[in-house]
1. How big is the Rg/Rh ratio for the chain, C-alpha atoms only, Rh by Kirkwood, two decimals?
2. Once you have the Cα-Cα distance between Lys43 and Ser250, take 0.36 nm times their residue separation minus that, and quote the gain in nm to one decimal.
3. So, counting K/R as plus one and D/E as minus one, what does the shell of residues with Cβ under 10 Å around Asp87 add up to?
4. Please list, by residue number, every one of the chymotrypsin sites (Phe, Trp or Tyr not before Pro) in the range 145-238 that is coil in DSSP and has at most 13 other beta-carbon atoms within 10 Å.
5. Could you give the size of the charge dipole of the chain about its Cα centre, using +1 on the Cβ of each K and R and -1 on the Cβ of each D and E, expressed in debye and rounded to the nearest 20?
6. If the limit is 28 Å between Cα atoms, which of Lys102/Lys170; Lys90/Lys124; Lys67/Lys234 go over it?
7. For each of His166, His190, His218, count neighbouring Cβ atoms within 10 Å of the residue's Cβ, then give the residues from fewest to most.
8. In whole Å, what are the Cα extents of the range 139-245 along the three principal axes, biggest one first?
Amino acid sequence: MSKISKADEDLRKMLSEKRIKSVEDRRVGSEVFDKQTLETLYKLANQGYLQILHGVISTGKEANVFKGVDDDGNYVAVKIYRVATSDFKKMQDYIQGDPRFKVKTSNKRQVIHTWVNKEFRNLKRACEFKVRVPQPIIAKNNILVMEFIGDKEGNPAPLLKYAHIHDPEKIAYKLIEYVKILYKEAKLVHGDLSSFNILIKDDEPVIIDVSQSVVVDHPLAKDLLKRDIGNLHKDFKKLGLQISEDEITSIIMDF
Ligand SMILES: Nc1ncnc2c1ncn2[C@@H]1O[C@H](COP(=O)(O)OP(=O)(O)OP(=O)(O)O)[C@@H](O)[C@H]1O
Ligand SMILES: [Mg+2]
């Protein structure tokens, strides 16, 4: 079988097995899969990164996250940015000031591709420093494929916001440690850290959604770090922990 016809078959298989059940999902489906996105999915299928795309795990403002299966039968998470609804002005503000990316264009698609690449690079950097995040697999155009965080049956892990926590203190100190490693060693600030961007798997926190994360010398870094600490403090309080914002800051900054 030629490579093209195999890819054709894979894409047909992916699309036919796409579990689009609810009305909302159907709407999302047509919104997400514009022609270029389909072509990118097709390429990823051809390269073995995806053979099945299951239903949507999450429908966000700018991106949808799907559960997929790769050629080896492993679950993967597939984050697809919607070109139409992405706030690319915000994206530009975060990309500018990051020496890793030189984006002079105001081409919307180009900015989104850089954004996806930034998320990939940030995940990779966090992994290198042993901060628990999904392992990135590939970034292509507006699509990021990464490790699926969930159980063996394919159920995605719950958000810290909604998870049943056995040992809040352990989770909190682990998260503070991660923010510290990110800041001091990986030289990154998450920038949108809260219980909405932390998954709980096997009683351990997994940090997600690092597209907006910036390098520590980015003009926004200090303010974003302060906001992240403030959010964590509120979340820890809800979990019944006593630790103050100053205490969290002093652990992270080594005061
Ligand atoms: N690797 C993953 N494994 C399992 N579930 C995931 C993974 N990544 C994301 N999710 C699920 O998808 C949701 C949205 O992901 P994420 O936070 O990265 O997108 P988002 O940037 O918040 O979307 P938007 O900004 O458009 O609202 C998460 O809250 C989580 O439930
Ligand atoms: Mg999020």
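1. Details: Rg = 18.8 Å, Rh = 19.1 Å.
So for the chain, dividing Rg by the Kirkwood Rh gives 0.98.
2. Details: separation 207, 0.36 × 207 = 74.52 nm, distance 4.72 nm.
Length gained, Lys43 through Ser250: 69.8 nm.
3. Values: positive: Lys61, Lys89, Lys90; negative: Glu62, Asp93.
Counting the neighbours of Asp87, the net charge comes to +1.
4. Working: sites: Phe148, Tyr162, Tyr173, Tyr178, Tyr183, Phe196, Phe236; in loops: Phe148, Tyr162, Phe196.
Sites meeting the loop and neighbour criteria: Tyr162.
5. Working: 43 positive and 38 negative charges, 187 e Å.
With Lys and Arg at +1 and Asp and Glu at -1, about 900 debye.
6. On the way: Lys102/Lys170 40 Å; Lys90/Lys124 22 Å; Lys67/Lys234 30 Å.
Going by Cα-Cα distance, Lys102/Lys170; Lys67/Lys234 fall outside the 28 Å limit.
7. On the way: His166 9, His190 29, His218 21.
Placing the least packed residue first, the sequence is His166, His218, His190.
8. 43, 41, 20
Readers should treat all values here as calculations from the given coordinates under stated rules, not as data from a laboratory. Source: prediction; values computed, not measured. So basically every Cβ, Gly included, is an ideal-geometry build from the backbone, and we count neighbours across all protein chains shown.
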